[in-house]
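The values are calculated or read from the model by the stated rules, or taken from the named source; none is laboratory data. These numbers were taken from a predicted model, which means no experiment stands behind them. Heads up, the Cβs are rebuilt from the backbone with ideal geometry, glycines too, and the neighbour counts pull from every protein chain shown. We work out accessible area using only protein heavy atoms, side chains counted, and drop any ligands, DNA or RNA first. Shrake-Rupley method; radii C 1.70, N 1.55, O 1.52, S 1.80 Å.
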Amino acid sequence: MEMEQLSLFDQKPLEMPLAGRMRPESLEEFVGQQHLLGPGKILRQLIEQDRISSMIFWGPPGVGKTTLAGIIAKRTKASFLTFSAVTSGIKEIREVMAQAEKSRYRGERTLVFVDEIHRFNKAQQDAFLPYVERGSIILIGATTENPSFEINAALLSRCKVFVLQALTEKEILQLLKAALQSQKGFGGMPVQIGDELLEAIAGFANGDARTAYNTLEMAVLNGSITSDGTVVTEDVLMQCISKKSLLYDKKGEEHYNLISALHKSMRNSDPDAAIYWLARMLEAGEDPLYVARRLIRFASEDVGMADSRALDVAVNTYQACHMIGMPECSVNLSHCVTYLSMAPKSNALYIAYEAAKRDAAEKISEPVPLQLRNAPTKLMQELHYGEGYQYAHDTEEKMAKMQCLPDSLKDRNYYQPTEAGEEKQVKEKLEWIKKWKAEEKNL
């Protein structure tokens, strides 16, 4: 028996990819999700106290959803069954559920893990419902999509949702170093790979442990064999994954150079250059949500009132990136980058705020005019709070000649609209308003 176990162990590294060999088998080996599995956290308590009920794991790929389900099954001594939305129909589901029902009568629990449960249609999801209700199975579903939108309300109401987070670069680095030392990984073959390359892999993985393991494995298997072991160089690493920008540092100079190039290309109405710099960032592993946030800023800073729809496009792009992630969201970002590049440009809002900011800093104690103050108490009324306030809606023009800036700043003109795009109309209206107010004051 010992020989059989040893033989199986020896074959395992040859038959399984690194990610499979390094899959944790206990909570103690599991890395990440400390907000759920740290000491005293709710999910850890449920597992340790064996009070597991049906649940949904919602999170990005490669964060341990499947692994955690397997650990729970082992810890709770339950049979562990898996379903795939691609290969499992209603007939297969009902057959396995019938077996689980028989096991329940024998006092045996069955944990059913459904990967990508959001891909199951309503009928397939409904097939689980009666067995979840009776407690015949413990259902653990894994999804990268928002369960509120993708899982039937009846089934969702019977499951507790746990949100798993992308692993940090520090956690990914921990996994990579463990893989190099563990006998399940590359511990039996000395591997020379610099810390900067491991950090590059951790950054490239973008929170996905599976991607990190696969990248490391490819690099090691393609490394140079020497008398001292396997040597992985920067060239080897870049060739293995065909990404010349792999060592792009999200916190370094290149990061800021590229976002600057993207921003200035859009400002210069050059969609070809903007899309190129966007691709450089995304293919190097940049977080698409970071890019989307910068586009939201650009929409107001460089387009502004010349095309207010630009802000809607940018915000919708951020939501699209959040919903579908890379690589699919690359086309959403390209859409937004092109729209912003081709939109009329105005930096009037940026200039207005910067000017107002300087005055706010230098005249920080400038009092609010009495007519703009609320007077909720008698004392405030006696102090003339609110005196002279004119309700704009009560006027025919829906405007009042009331002064809204402090006396020392009453002639300031922070916002000076341009004639670009729709802002030309705004400029004309603002000039009319100022002329009307000046006439009113002179009466």
Within the stretch 340-387, considering residues that are among the basic types (K, R) and either under 30 Å from K424 (Cα atoms) or modelled with pLDDT of 95 or more (or both), the one farthest from the chain's Cα centre (by Cα): R358
Limited to the stretch 260-292, what total is found for residues that are touching a residue at least 40 places away in the same chain (Cβ under 8 Å) and either of a type in the set (A, V, I, L, M) or touching an Asp or Glu at 6+ places or on another chain (Cβ under 9 Å) (or both)? 12
Considering only residues that are modelled with pLDDT under 90 and open to solvent by 100 Å² or more (accessible area, probe 1.4 Å), look in the stretch 402-423 and name the one that is nearest to R309 (Cα to Cα). R412
If I filter the stretch 184-192 for residues that are buried (at least 19 other Cβ atoms within 10 Å of the Cβ) and touching an Asp or Glu at 6+ places or on another chain (Cβ under 8 Å), do I get at least one hit? no
Would you point out the residue of the stretch 237-254, among those that are within 15 Å of A279 (Cβ to Cβ), of a type outside the set (S, T, N, Q) and surrounded by fewer than 17 Cβ atoms within 10 Å (Cβ to Cβ), that is modelled with the lowest pLDDT? K244
Identify, please: which residue in the stretch 336-349 is in contact with a Ser or Thr (Cβ under 8 Å, 6 or more places away or on another chain) and either free of Cβ contacts under 8 Å to residues at least 40 places away in the same chain or hydroxyl-bearing (S, T, Y) (or both) and is, among those, surrounded by the most Cβ atoms within 10 Å (Cβ to Cβ)? S346
Hits in the stretch 390-428 - residues which are among the β-branched types (V, I, T) and touching a residue at least 40 places away in the same chain (Cβ under 8 Å): T418, V426
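Taking helices (runs of 4 or more DSSP H) that do not extend beyond the stretch 323-419, which have at least 2 residues that are in contact with a Gly (Cβ under 7 Å, 6 or more places away or on another chain) and of a type outside the set (D, E)? It would help to see each step written out before you state the result.
Working: elements: 330-342, 348-362, 378-382.
Counting at least 2 such residues, we get 348-362.
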Out of I201, I138, I need the residue that is modelled with pLDDT under 90 and open to solvent by 10 Å² or more (accessible area, probe 1.4 Å). Which one? I138
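Name the residues in the stretch 352-367 that are out of contact with any Phe, Trp or Tyr (no Cβ under 6 Å at 6 or more places or on another chain), touching a residue at least 24 places away in the same chain (Cβ under 8 Å) and closer than 28 Å to E301 by Cα, would you? Please lay out each step first, then the result.
Going through the stretch 352-367, the residues out of contact with any Phe, Trp or Tyr (no Cβ under 6 Å at 6 or more places or on another chain) turn out to be 353-354, 357-367.
Retained after the next criterion (residues that are touching a residue at least 24 places away in the same chain (Cβ under 8 Å)): 353, 359, 363, 366-367.
Result: Y353, D359, K363, E366.
Within the bounds of the stretch 303-315, is there any residue that is closer than 23 Å to Y353 by Cβ and under 17 Å from the mean Cα position of the chain (by Cα)? Can you show your working first?
Going residue by residue through the stretch 303-315, those that are closer than 23 Å to Y353 by Cβ are 303-315.
With the extra rule that they be under 17 Å from the mean Cα position of the chain (by Cα), the set shrinks to 314-315.
Within the stretch 303-315, one or more residues are closer than 23 Å to Y353 by Cβ and under 17 Å from the mean Cα position of the chain (by Cα).
Of the residues that make up the stretch 424-436, is at least one part of a loop (DSSP other than H, G, I, E, B) and surrounded by fewer than 15 Cβ atoms within 10 Å (Cβ to Cβ)?
Checked the stretch 424-436: no residue is part of a loop (DSSP other than H, G, I, E, B) and surrounded by fewer than 15 Cβ atoms within 10 Å (Cβ to Cβ).
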Go through (1) surrounded by 12 or more Cβ atoms within 10 Å (Cβ to Cβ); (2) over 14 Å from I433 (Cβ atoms) one by one and return the number of the condition E382 breaks. (1)
Just a yes or no: is a residue in the stretch 117-139 part of a strand (DSSP E or B), within 17 Å of A73 (Cα to Cα) and not acidic (D, E)? yes
Test set (1) modelled with pLDDT under 85; (2) crowded, with 20+ Cβ neighbours inside 10 Å - A123 fails condition number: (2)
Matching residues, the stretch 220-236, being open to solvent by 60 Å² or more (accessible area, probe 1.4 Å) and among the aliphatic types (A, V, I, L, M): L221, I225
Condition (residue is within 30 Å of the chain's Cα centre (by Cα), without any contact (Cβ under 8 Å) to a residue 60 or more places away in the chain and on the phi < 0 side of the Ramachandran plot) applied to the stretch 92-112: is it met by at least one residue? yes
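Take the residues in the stretch 209-219 that are of a type outside the set (F, W, Y) and surrounded by 23 or more Cβ atoms within 10 Å (Cβ to Cβ); name whichever of them is nearest to the chain's Cα centre (by Cα).
At the first step, the residues of the stretch 209-219 found to be of a type outside the set (F, W, Y) are 209-212, 214-219.
Remaining after also requiring surrounded by 23 or more Cβ atoms within 10 Å (Cβ to Cβ): 209, 212, 215-216, 219.
Numbers: A209: 16, A212: 18, T215: 22, L216: 24, A219: 28 Å.
Taking the candidates together, the pick is A209.
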Select from the stretch 159-174 the residues that are part of a loop (DSSP other than H, G, I, E, B) and under 9 Å from G207 (Cβ atoms) and write down the one among them that is least open to solvent (accessible area, probe 1.4 Å). L167
